[in-house]
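Throughout, read-outs are computed from the coordinates displayed, never taken from laboratory work. For clarity, every value in this text was computed on a predicted model and none was experimentally measured. Neighbour counts run over all protein chains shown; Cβ positions are idealised from the backbone, glycine included.
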Amino acid sequence: MMERFYISHLLQIPAVSHVGLADRTKEPVNNIVIDTRKVKDGDLFVAINGANIDAHDFIDESVVSQAQLCVVSKEWYTQRGHEYHNGSFLVVEDTTTTLGQLARLYRDEFQIPVIGITGSNGKTTTKEMLKSVLSVKHQVCATSGNYNNLIGVPLTLFTLRRNHDIAVVEMGTNRPGEIGALCQIANPNDGIITNIGYAHMEGLSTLEDVAKEKTALYKYVANRGIRYINADDSYLASQKVVAGQNVIFGMDGNADVRIAGYSTNDSGSTVSLEVGQNTRCDVSIPKLGRHFAYSVAGAVAVGLQYSCGLDEMKEALSAFHGAPGRMDVFRVGENTVIDDTYNANPSSVKAAVDTLDDLTTDCDKVVVLGDMLELGHRSAEYHREVGEYIAGSKVMTLMTYGSDSKEMSDAFSEIRSVKAAHYTDIGELTRTLIECMSVRTILLVKGSRSMHMELIVEKLKNSVPVT
């Protein structure tokens, strides 16, 4: 149940009209929901017109009678409002905008620090690590999954409760101005940006555009709190000279939390950190990938500012698993499978291939890649570039699936004497892969979320006993 939120708050929201709210200003709001199937007595229902579904289409008498109030568009109310004489409505121009305004009002009821996090890669993992380290001392409210857009961020803020003393809010973007809008909703005190890379390039055409969009978080918190800066990212390093309070992490010799070393094996990674002048510690995590070192360093940098002990944070990170599909390792017979199927872009694919290169093994190294989506008009170019990158690695075999990924296999084949295999049928690819697994291999599976590469992983798990 939400706390300290009443009908009176809604009267602060710009609206076309208020219907049925007279003499109800002191009534509390139990919860704010956007799914008609989840509406309960005392809830406020916001009808979102989404990319695939318009929630207005599911409003009926049961929803209106059960909800304490429905937030609806002017267009819907003009056409259908007369059908519900006993309903209470907040009629607005845009319900998604109103959802954000409600979230900001609710967030401001809590005088606690909010840490905003964004970046091209690793923001969800870093957010989960932040939650882990901060939880050793604090009650943390954090984004669930990757609820990081103009709908997800408000839903995260609505989960704030009286016992929370800090919040971690993930912010995503695929077009200019979205990070700024999310900052207006979440009102963060501090900001951390993981890196700048090739992701969501359809709405952000160049890396300069990505950097400008992401660093809107730094601009928002500049005079409010701390900017946590990855000094090894060339686009972010320039932010060190901007006035304000900065905490630096990375391999840079002047970093407040310096990555002094990294090692890996097929069960996890160890990151050596130097904190200040005299303190060094080794943090072991059950995740593969040198890129996780930056998530560890960033999380520790934030934790130290919020009085979390180094030993306690180290212990918390040693038990960290995070969300599935992010460099998860399991055995299939005598083979090792790395499940990195959650998502993919050029930067994250290269990082995953680097991780594979880091592993010392006599097994054949095989990479299975699906299309990298949302790369805009230069998609074919980016796929070809990744194929060339893999050709220069220790990978023995490349198998691709989808459409643009054929550019990867073609580029790989042109450089290597071994021809890469491209598939347009995920079932055929999976069957071929299972046959290949009779030879000892270490296999990396990765692709954009919509390519459903996790289906391959599930088939592999079911092919032979998993350890």
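Once the mean 1/r over all distinct Cα pairs of the chain is inverted, what Kirkwood radius in angstroms do you read off? Can you show the working numbers first?
Numbers: mean 1/r = 0.0418 Å⁻¹.
By the Kirkwood definition, the hydrodynamic radius is 24.0 Å.
Before anything else, pin down the relative contact order of region 7-94: Cα pairs under 8 Å, at least 6 apart, normalised by residue count, whole percent.
Details: 148 pairs, mean separation 28.5, N = 88.
Here the relative contact order equals 32 percent.
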Report Rg/Rh for region 138-207, rounded to two decimals, where Rg is the Cα radius of gyration and Rh the Kirkwood radius. 1.00
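In region 328-463, how does Rg compare with the Kirkwood Rh, expressed as the Rg/Rh ratio over alpha carbon atoms?
Numbers: Rg = 13.4 Å, Rh = 14.5 Å.
Result: Rg/Rh = 0.93.
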Any chance you could check the Cα centroid distance between region 198-274 and region 105-143 for me, in angstrom? 17
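Given Cβ point charges of +1 (Lys, Arg) and -1 (Asp, Glu) and nothing else, what value in debye, to the nearest 20, does the dipole of the chain about its Cα centre take? Before the final figure, lay out each step's value.
On the way: 44 positive and 58 negative charges, 176 e Å.
Charge dipole of the chain: 840 debye, to the nearest 20.
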Residue 37 versus residue 209: modelled label distance in nm, points set 7 Å from Cα along the beta carbon direction: 3.6
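How long are the semi-axes of the equivalent ellipsoid of region 211-264, defined as square roots of 5 times the Cα gyration tensor eigenvalues? Whole Å, largest first.
Values: eigenvalues 95, 29, 16 Å².
Semi-axes (√(5λ), whole Å): 22, 12, 9.
What is region 200-351 by shape, rounded, prolate or oblate, if you read a ≥ b ≥ c off the alpha carbon gyration tensor as root eigenvalues and call it rounded for a/c under 1.5, prolate for a/b larger than b/c, and oblate otherwise?
Details: a/c = 2.18, a/b = 1.22, b/c = 1.79.
Oblate is the answer for region 200-351, as a/c is 1.5 or above yet b/c matches or exceeds a/b.
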Kindly provide the pair-distance distribution of region 110-318 built from C-alpha pairs, with 5 Å bins from 0 and whole-percent values in order of increasing distance. 1, 8, 17, 21, 22, 16, 11, 5, 1, 0
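Mind checking the full-extension length gain between residue 378 and residue 79? Use 0.36 nm per residue of separation minus the Cα-Cα distance, one decimal, nm. Each step should come with its number before you reach the end.
Numbers: separation 299, 0.36 × 299 = 107.64 nm, distance 4.34 nm.
Extra length from residue 378 to residue 79 when fully extended: 103.3 nm.
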Provide the percentage of antiparallel DSSP beta bridges, counting only those with both residues in region 328-463; round to the nearest 5. 20
How would you rank 365, 419, 446, going from fewest to most other Cβ atoms within 10 Å of each one's own Cβ? 419, 365, 446
Too long at a 24 Å Cα-Cα cut-off: which of 131/287; 212/446; 287/461; 38/459? 212/446; 38/459
Residue-wise HN-Hα coupling along region 367-383, computed from phi with Karplus coefficients 6.51, -1.76, 1.60 (Hz; x: Gly, Pro): 10, 10, 10, x, 4, 9, 9, 6, 9, x, 5, 9, 4, 4, 4, 5, 5
Convert each backbone phi in region 116-130 into a coupling constant with the Karplus relation 6.51 cos²θ - 1.76 cosθ + 1.60 (shift: θ = phi - 60°), then list the ³J(HN,Hα) values in order as whole Hz, x for Gly and Pro. x, 9, 9, x, 6, 9, x, 5, 5, 5, 5, 4, 5, 5, 4
Using amide H atoms built in the peptide plane, which far-off residues or other-chain residues are under 5 Å from residue 262 H to H? 272
So what's the back-of-envelope 222 nm ellipticity for the chain, counting only DSSP H runs of four-plus at -39500 (n - 2.57) apiece and dividing by all residues, rounded to 500? -9500 deg cm²/dmol
Just need log10 I(q)/I(0) for region 1-143 at q = 0.11, 0.17 Å⁻¹, Debye formula, equal scatterers on the alpha-carbon atoms, no solvent, rounded to two decimals. -0.49, -0.97
So how tilted is helix 426-436 from the main axis of the chain? Cα-based, degrees 0 to 90, rounded to 10. 30
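Roughly how many debye, to the nearest 20, is the charge dipole of region 328-463 about its Cα centre, given +1 on each Lys and Arg Cβ, -1 on each Asp and Glu Cβ, and no other charges? If you can, show how the numbers build up before the last one.
Numbers: 15 positive and 23 negative charges, 40 e Å.
Charge dipole, region 328-463, about its Cα centre: 200 debye, nearest 20.
Just for the chain, what percent of DSSP beta bridges are antiparallel, to the closest 5?
Values: 26 of 76 bridges.
Percentage antiparallel, nearest 5: 35.
Give me 43, 425, 232 ranked fewest to most by other Cβ atoms within 10 Å of their Cβ, as a rough exposure proxy.
Listing 43, 425, 232 from fewest to most nearby Cβ atoms yields 425, 232, 43.
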